[in-house]
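Here the structure is laid out as structure tokens; the discussion comes afterwards.
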């Protein structure tokens, strides 16, 4: 019994740290602001912006996305869309050739986003663009997105993350995925900036000074987590990443459990690989007194929210089976704190979409996440692609 209690105390201690982390950041995000500054006059200089769009077998959505993204209010001669086309059909390439964009055709034995972006960076001159933006093949930038990016760089930023939100909410899985994304925006991006840390990147809707991006992209150890490494290398080089809450970019959310599990498998594998390579670097940063960069690296130690919820439910259930109040009351309190933290992180516009159906789906997605953890090794050697098919309208918060 002593051994069991020791293991329980260690587990609860680790879970408590996780819950404290989520709670502190959730509250911070409510009492602070992101890096948008609408009181500053619009800049007179329109920087030349290149929008990198890595796309692997995205024939179903790429034409629509390119057409939508050309509708920027930014001067047409000051931005350019660059589609990095990997394994596209000839007819799709022919259609892209008729549009006022650049297309880089690429092919890899094992395709990854990092390889596609690095290939494009190698083909581009560093002085060709003042800013490089990364957008997913299915993403639609709000008409003022590039204008807000330009304004942030005029204020001195060299790296910023925009506000990615759901483009579709046509299924319960998509609604929950949209809610999860907004919670992450609140915790990892807005709250991080409120507390003086760099915003987390998210793989798209992010913008960088070309030389800074190229340097940060040189080292890539993970199969599907290039954005985490890009973010980390920028932070370790002494720069901060801003967050623009009003710079919207619309992203297709996964619509079914199978795609959800596949996507989370890739994310979990990337997080594990990231920790393997960067954990001790984070410890070293803390030891040397560089708290902001050290803590930013070690944020990857904290558990994903859905896995944390699952662990707390498991602890409560075990305590009830053992008929020991201490074993179930402690995780119950932690569960209530965590749920409160997540609830205050959800924006108002999403509340009206939650029904009993979405609530009942949460335990099912927890099981999918557990399976993703158990099968993450399959994502170590090959990139698990998330297919995009949605052509639904945008959902403006």
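The values are calculated or read from the model by the stated rules, or taken from the named source; none is laboratory data. Treat the numbers as computed from the prediction; the structure is a model and nothing was measured. Counting neighbours? That spans all protein chains shown, and the Cβs are built from the backbone with ideal geometry, glycine included.
Would you confirm whether or not the range 201-220 contains a residue that is buried (at least 24 other Cβ atoms within 10 Å of the Cβ), within 15 Å of the chain's Cα centre (by Cα) and modelled with pLDDT under 95? Yes, the conditions are met somewhere in the range 201-220. Scan the range 89-114 for residues that are under 28 Å from the mean Cα position of the chain (by Cα) and within 26 Å of residue 48 (Cβ to Cβ) and jot them down. Matches in the range 89-114: 96, 101, 102, 103, 104, 105, 106, 113, 114. Comparison of 113, 133 shows that the only residue that is modelled with pLDDT of 95 or more, crowded, with 21+ Cβ neighbours inside 10 Å and in the same structural domain as residue 205 (by TED's automatic domain parsing) is 133. When 248, 313, 260, 274 are checked against the criterion of being under 29 Å from residue 133 (Cβ atoms), at pLDDT 85 or above and either assigned to a strand (DSSP E or B) or touching a helix residue (DSSP H, G or I) at 6+ places or on another chain (Cβ under 9 Å) (or both), 248 stands alone in meeting it. Being part of a helix (DSSP H, G or I), touching a strand residue (DSSP E or B) at 6+ places or on another chain (Cβ under 8 Å), in the same structural domain as residue 148 (by TED's automatic domain parsing) and on the phi < 0 side of the Ramachandran plot: is that true of residue 228 here? Answer is no for this residue.
So, residue 46, is that one under 19 Å from residue 132 (Cα atoms) and in contact with a helix residue (DSSP H, G or I) (Cβ under 9 Å, 6 or more places away or on another chain) or not? Spelling it out, residue 46 is indeed under 19 Å from residue 132 (Cα atoms) and in contact with a helix residue (DSSP H, G or I) (Cβ under 9 Å, 6 or more places away or on another chain). Restrict the check to the range 145-163 and report whether at least one residue is over 24 Å from residue 354 (Cβ atoms) and without any contact (Cβ under 8 Å) to a residue 60 or more places away in the chain. Within the range 145-163 (the criterion being over 24 Å from residue 354 (Cβ atoms) and without any contact (Cβ under 8 Å) to a residue 60 or more places away in the chain), the answer is yes, since at least one residue qualifies. Selection over the range 263-272 of residues that are buried (at least 21 other Cβ atoms within 10 Å of the Cβ) and either over 14 Å from the mean Cα position of the chain (by Cα) or free of Cβ contacts under 8 Å to residues at least 12 places away in the same chain (or both) gives a count of 2. Might you check whether a residue that is in a loop (DSSP other than H, G, I, E, B) and outside the structural domain of residue 352 (by TED's automatic domain parsing) occurs anywhere in the range 181-193? No, that holds for no residue. When residue 188 is tested against (1) surrounded by fewer than 24 Cβ atoms within 10 Å (Cβ to Cβ); (2) at pLDDT 90 or above; (3) farther than 19 Å from residue 305 by Cβ; (4) under 15 Å from the mean Cα position of the chain (by Cα), just one condition goes unmet, and that condition is (3).
Is one or more of the residues making up the range 291-303 more than 28 Å from residue 335 (Cα to Cα), surrounded by fewer than 14 Cβ atoms within 10 Å (Cβ to Cβ) and either more than 20 Å from the chain's Cα centre (by Cα) or modelled with pLDDT of 80 or more (or both)? Yes; the residues of the range 291-303 include at least one that is more than 28 Å from residue 335 (Cα to Cα), surrounded by fewer than 14 Cβ atoms within 10 Å (Cβ to Cβ) and either more than 20 Å from the chain's Cα centre (by Cα) or modelled with pLDDT of 80 or more (or both). Screening 68, 80, 58, 64 for residues that are over 20 Å from residue 206 (Cβ atoms) and in contact (Cβ under 8 Å) with a residue 12 or more places away in the chain leaves exactly one candidate, 64. Scanning the range 75-92 turns up no residue that is within 24 Å of residue 304 (Cβ to Cβ) and touching a strand residue (DSSP E or B) at 6+ places or on another chain (Cβ under 8 Å). Out of the range 203-224, which residues are more than 14 Å from residue 54 (Cβ to Cβ) and in contact with a helix residue (DSSP H, G or I) (Cβ under 7 Å, 6 or more places away or on another chain)? If the condition is that a residue be more than 14 Å from residue 54 (Cβ to Cβ) and in contact with a helix residue (DSSP H, G or I) (Cβ under 7 Å, 6 or more places away or on another chain), then 207, 212, 214, 216, 219, 221, 222, 223 are the ones that fit. Considering only residues in the range 1-41 that are exposed (fewer than 11 other Cβ atoms within 10 Å of the Cβ) and within 30 Å of residue 160 (Cα to Cα), the one that is nearest to the chain's Cα centre (by Cα) turns out to be 31. The residue list 145, 153 contains one member that is out of contact with any helix residue (DSSP H, G or I) (no Cβ under 8 Å at 6 or more places or on another chain), closer than 30 Å to residue 41 by Cα and buried (at least 23 other Cβ atoms within 10 Å of the Cβ), which is 145. Does residue 69 satisfy the criteria of being modelled with pLDDT under 95, assigned by TED's automatic domain parsing to the domain that holds residue 211 and surrounded by 15 or more Cβ atoms within 10 Å (Cβ to Cβ)? The answer is no for residue 69.
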